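The structure under discussion is supplied below as structure tokens; questions concerning it will follow.
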Protein chains: 2
Amino acid sequence: MTTRRTGLREQKKQATREALRAAALRLALERGPDNVRVDDIAEAAGVSPRTYNNYFSSREQAIVAAVTSEREARVAAAVADRPDGVGLADAVVEAVVDQFTASAEPGREALLLLITTRPALREAFIGTTAAIEHPLAEAVAGRLGDGEPHTARVLAASVAAAVRVALEQWLRTTVSSATAGGLVVPAGSLADLLRTTLAPLRPALDAAEQRARRHRQQ
Amino acid sequence: MTTRRTGLREQKKQATREALRAAALRLALERGPDNVRVDDIAEAAGVSPRTYNNYFSSREQAIVAAVTSEREARVAAAVADRPDGVGLADAVVEAVVDQFTASAEPGREALLLLITTRPALREAFIGTTAAIEHPLAEAVAGRLGDGEPHTARVLAASVAAAVRVALEQWLRTTVSSATAGGLVVPAGSLADLLRTTLAPLRPALDAAEQRARRHRQQ
DNA sequence: ACGCAAATTTGCGTGTACGCATCTTTCTGC
DNA sequence: GCAGAAAGATGCGTACACGCAAATTTGCGT
């Protein structure tokens, strides 16, 4: 069930996706994102321009994907993996913080600077938070038991929305401090900002968990 | 402060916006939405195609706007207007239900049928829920006192997300019952669906209200 | 190995979104 | 009223997203 499609086909698909990601990132960094056309990315990745849009539905998605790749699945997995002893609220909050703080790629800093600068990229970056909604909903549903799938969806959507708010705030302060001070200061850690922003949702998560527990014991 | 800009200029602007809305709606209803190009709408409204995109940033927005017009402001106003005796959760939920249930326009039924049918219109319709976020945030902030504006933003974003979830569900069941039964049945009232979907957020709204109250008495 | 079925890539055509420069309309202070 | 400023409308050019159908590649049973 993990990888339903296992074969050369799926392998090549991921390779193409990765090639497009890498090409987009490299070109954006060396030319500046405004001087990169999708034709350039496609050519650098060795596929047709039309194929690019089979993988990404906007020019910015490929660039941003370098920083957000697979994040959705990792958040969901992290939530599902926390032991049952940990409360739902803690599980969700810490999973989100972990996955959004973990920096793997080199050149991530330069890319983030780029993202903070260009409005179109900011928009695309912000947009990626929506992707965590469905995986997260399933993970939450798994923890709540399948009593009320509605609730899990709503909570996941709310968490995603809160994360989006946090990122907007973070980008706002980052870009303004960059503009004002000339130097890019994180303006308070993203981790703290995420925790603060998610705090108002804790009561909702707790209540849902209690309800589910009660329902289960009945 | 209500209408900062009061003059012939703003008046004409609103007239143009309304003309585009009306033209888009009329054409979509009589030809089917796939047979309407933005050039047609612009021509029918008596403006240049370029001007269309100064008002709406996608072809679908004008069509959908006929049903969502001004909803954002009305929801916010409704929240702000409920007496302080009513709890925040009730104020928000009922304001949302009222404004999403209120049907003014004639031909709303036909338009909704259209929206449920065409994927692109569904997407645009769903997208309009995001617009209530900022006005709602201000209304909530007004009720919570200006202690923690963060909280208001997060709660408003969560409510908007929950409304989006409800509409998605509603459209899903509506379209499937339309496909299956041949007749469009509301498949349970939208009002009930909204109340159910917003229910999980009530604890968060209550908690924020309590916190604000405590903070104020201190 | 072979061939059919399914998935993917590609080229093409159309409609769309939007930056920019320019022209027209409206607003403001005098 | 009037002259300059500000805001909006328009035309043009470019890049982009995507439906569609033909061509190519991969998977699988035999």
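The values are calculated or read from the model by the stated rules, or taken from the named source; none is laboratory data. Here the structure is a predicted model, which means the values were calculated and not measured. Ideal geometry is used to build each Cβ from the backbone, glycine not excepted, and the neighbour counts take in all protein chains shown. For the accessible areas, the whole protein counts, side chains as well, though only heavy atoms, and no ligand, DNA or RNA atoms are used. Shrake-Rupley method; radii C 1.70, N 1.55, O 1.52, S 1.80 Å.
Between A:GLU30 and B:ARG211, what is the label-to-label distance in nm when each label sits 7 Å out along the Cα-to-Cβ direction?
In this crude spin-label approximation the distance works out to 4.8 nm.
What relative contact order, as a whole-number percentage, does chain A give when Cα pairs under 8 Å and 6 or more residues apart are counted?
Dividing the mean separation by the residue count of chain A yields 18 percent.
Evaluate 2.2 N^0.38 Å with N set to the residue count of the protein assembly as shown, then give the Cα radius of gyration divided by it.
1.05
Continuing with the same structure: Take peptide B:159-169, look around each residue's Cβ out to 10 angstrom, count Cβ atoms belonging to other protein chains, and average those counts.
4
Give me the Kirkwood hydrodynamic radius of the range B:1-155, using the inverse of the mean 1/r over all pairs of distinct Cα atoms, in Å to one decimal.
17.2
7 Å along Cα→Cβ for the label point: how many nanometres lie between A:GLU109 and each equivalent label in the other copies, listed shortest first?
6.4
Per residue and in cubic angstrom, what volume does the convex hull of the Cα atoms of the range B:1-66 have?
Spread over its residues, the Cα hull of the range B:1-66 gives 83 Å³ apiece.
Suppose we compare each residue of the range B:198-218 in its chain alone and in the full protein complex with a 1.4 Å probe; which ones drop by at least 30 Å² of accessible area?
With the partner chains in place, the range B:198-218 has these residues losing at least 30 Å²: B:PRO200, B:LEU201, B:PRO203, B:ALA204.
Follow-up question, since we're still on this one. Label-point separation (nm) for B:LEU113 and B:ASP98, each offset 7 Å from Cα along Cα-to-Cβ?
Going by the 7 Å Cα→Cβ label model, 3.1 nm.
Please report Rg (one decimal) and Dmax (integer) in Å for the Cα set of the range B:70-217.
Looking at the range B:70-217, its Cα Rg and Dmax stand at 16.5, 58 Å.
To one decimal in nm, how far is A:GLN218 from the same spot in the other copies, if labels go 7 Å from Cα toward Cβ? Please give the shortest first.
Spelled out, the distances from A:GLN218's label point are 3.7 nm.
Might you report the magnitude of the Cβ-based charge dipole of the range A:70-217 about its Cα centre, with Lys and Arg at +1 and Asp and Glu at -1, to the nearest 20 debye?
Here the size comes out at about 280 debye.
Once you put a point 7 Å from the Cα of B:THR51 and another 7 Å from the Cα of B:ALA15, both along the Cβ direction, what distance in nm separates them?
1.1
I'd like the mean, over residues of A:146-157, of how many other protein chain beta carbons sit within 10 Å of each residue's own Cβ.
So the per-residue partner count for this stretch is 5.
Ranked highest first by average number of other Cβ atoms within 10 Å, how do A:83-93, B:70-80, A:194-204 line up?
A:194-204, B:70-80, A:83-93
Tell me what chain A gives for mean residue ellipticity at 222 nm when only DSSP H runs of n ≥ 4 count, each as -39,500 (n - 2.57), the sum divided by the residue total, rounded to 500 deg cm²/dmol.
Theoretical 222 nm ellipticity from helices: -24000 deg cm²/dmol.
Distances from B:GLU43 to the same residue in each other copy, label points 7 Å out along Cα→Cβ, in nm, shortest first?
3.7
In the range B:104-124, whose amide N lies under 11 Å from the spot 7 Å out along Cα-to-Cβ of B:SER69? List them in ranges.
Under cut-off, by backbone N: B:104-106.
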